[in-house]
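The values are calculated or read from the model by the stated rules, or taken from the named source; none is laboratory data. Fair warning: this is a prediction, and the values are worked out from it, not measured in the lab. With ideal geometry, Cβ positions are generated from the backbone for all residues, glycine too; neighbour counts draw on all protein chains shown.
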Amino acid sequence: MNTTFNVEIYEQLTPQSSTLSKSRCRIFYKGLNRNGSFISDEFAKKLMATIPYTPVKGIFDTYEGEYTDHGDKSSLGRIYGIVPENCNFRWEKHLDDDGVEREYACVDVLIYTGLYQEAASIVGSPQSMELWKPSIKGKWGFVEGKRCYIFEDASFLGLQVLGQEIEPCFEGAGFFSLLDTLNNYRNTAQEEEEMYKSVFKLSDREKGRLIWDTLNPNFTEQGGWAIEYEVLDIYDNYAIAYDVANNAYQRVYYTKDDSTDSVKITSMEQCYIMDVTANEKQTLETLQVLNGGNYEKVDETFSQLKAEKERKEETITQLQTAATERETKYSQLEQDNQSLASQISNYQTEISEKDEKIKEQDILISTLNQSVEDKGKIVEDLTSQVEALQSYKLAQERKEKQDILNKFSTKLDASIIEKYATEIDAYSATELKKNLAYEFVENTPSVFSKIEDGAPYEVIPKQEPLQGIEAILARYENKD
């Protein structure tokens with residue numbers, strides 16, 4: 001959130017170029033102010049060291065023809081100018097409308113009058129300076145008997161142009177507007193105390209202002225601007241306020257009359273803000289929600305939660321037991337799996353060995369098949385040779401038997417020779433010769449003569465002249 005301060009651009013614009021004009025801006029003064037904060041010399045020095053290049057920005061309503069407020073976000077609107085690096089910073093005295101002369105931090109600003117037509121109306125318009133929230137450091141304390149927020153460090157975020165209807169908090173320049181001053185808060189869970197901030201929408205802001213006014217009737221010039229209560233937070237029917245005098249916290253119950261736009265304080269009850277961590281705060285808020293928005297039935301709720309916790313712990317124990325059993329089963333399954341994996345590995349080894357043997361047998365069978373094939377070829381060759389020899393032998397025998405027939409063809413009748421020629425394959429050469437000789441004897445009895453004194457008959461064959469090879473062989477016949 002941005003923390004804002006009212007400032008004022010007070011010098012007439014001096015053209016620097018065709019698009020740029022220069023003016024002066026009155027920002028803040030040191031010491032106490034009506035906002036309830038305190039600016040020391042040391043803090044003022046730190047803060048002004050961050051002023052160079054701070055943007056002059058605003059949200060201009062073209063329909064109304066004037067500037068509005070800060071808007072919901074700091075990024076809304078336009079940048080109408082900038083604080084230059086050499087900003088001619090000086091502390092300058094100014095007589096405020098209340099008749100008091102105060103010394104203000106003043107710097108030069110450059111306005112983009114050539115870029116935006118409405119930039120020319122910035123001079124004389126209310127403005128506020130915005131501080132970057134993450135840079136703000138400080139603490140609550142007492143200065144001159146008044147409780148206030150004492151700044152220790154911060155950086156500028158911007159100089160925001162505001163509408164004419166917003167009343168400045170300070171006489172010449174200052175923090176926020178009077179409405180924003182009323183809406184503050186303290187976050188005791190993170191810091192001991194922090195500076196105020198606006199926490200309400202428009203209707204709630206009015207409600208907060210009315211509560212603050214009712215609780216601080218002496219916050220006037222006649223009352224010395226005394227602050228008796230700080231409104232820290234507001235709910236539907238009560239507010240949390242800090243009792244400055246008694247250093248205590250009060251729950252302030254109220255009613256709001258929308259018809260008259262007024263607030264009535266009905267009662268106050270002391271309450272306590274505990275010093276807790278973020279985790280502890282979350283636990284307490286949870287207990288509050290569980291107890292219908294209060295802490296009255298915490299014991300009962302705690303007992304219920306404790307019983308529920310015990311039931312859940314029992315369930316967790318059962319689940320853990322089941323998980324242990326599953327882990328045991330899983331471990332056994334893992335062991336079985338390892339055993340099966342070992343068996344599979346052994347089987348795979350055996351299969352691999354058998355595959356090798358099968359491969360060897362396949363090679364042997366292939367070799368044997370090749371050998372059988374080779375032997376088959378040899379047998380086939382031998383068979384062919386035997387068949388050739390048999391054919392040759394048969395041809396020789398047939399020739400020999402034909403020669404025998406030829407020899408007897410001159411001695412026997414042609415019909416007898418033809419008979420044996422037809423059946424030539426049924427006889428061997430010896431059988432053929434014997435049968436032909438028998439036929440010769442049976443068919444030529446006249447050639448035989450009787451030998452006296454028991455001598456055998458001598459067959460005198462028919463003498464015919466020899467021809468061909470028989471004639472040649474007869475020449476060499478043994479005469480012995």
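Here are the numbers for this structure:
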{"read-out": "Among the residues listed as Ala414, Ala395, Ala388, the single one being aliphatic (A, V, I, L, M), over 60 Å from the mean Cα position of the chain (by Cα) and assigned by TED's automatic domain parsing to the domain that holds Leu436", "value": "Ala414"}
{"read-out": "Residue in region 386-406 that is β-branched (Val, Ile, Thr) and within 15 Å of Glu439 (Cβ to Cβ) present", "value": "yes"}
{"read-out": "Ile39 vs. criteria at pLDDT 90 or above, surrounded by 17 or more Cβ atoms within 10 Å (Cβ to Cβ), touching a helix residue (DSSP H, G or I) at 6+ places or on another chain (Cβ under 9 Å) and in the same structural domain as Asp108 (by TED's automatic domain parsing)", "value": "yes"}
{"read-out": "Pair list, Cβ under 8 Å, 6 or more apart: region 229-248 residue under 14 Å from Arg209 (Cα atoms), other residue part of a loop (DSSP other than H, G, I, E, B) and among the hydroxyl-bearing types (Ser, Thr, Tyr)", "value": "Glu230/Tyr196; Leu232/Tyr185; Asp233/Tyr185"}
{"read-out": "Selection within region 82-104 - surrounded by 13 or more Cβ atoms within 10 Å (Cβ to Cβ) and of a type in the set (Lys, Arg)", "value": "Arg102"}
{"read-out": "Condition broken by Tyr242, with the remaining ones in (1) at pLDDT below 90; (2) under 23 Å from Asn218 (Cβ atoms) satisfied", "value": "(1)"}
{"read-out": "Out of Gln332, Gln370, Gln318, Gln282, sole residue that is closer than 30 Å to Asp236 by Cα, free of Cβ contacts under 8 Å to residues at least 12 places away in the same chain and surrounded by 10 or more Cβ atoms within 10 Å (Cβ to Cβ)", "value": "Gln282"}
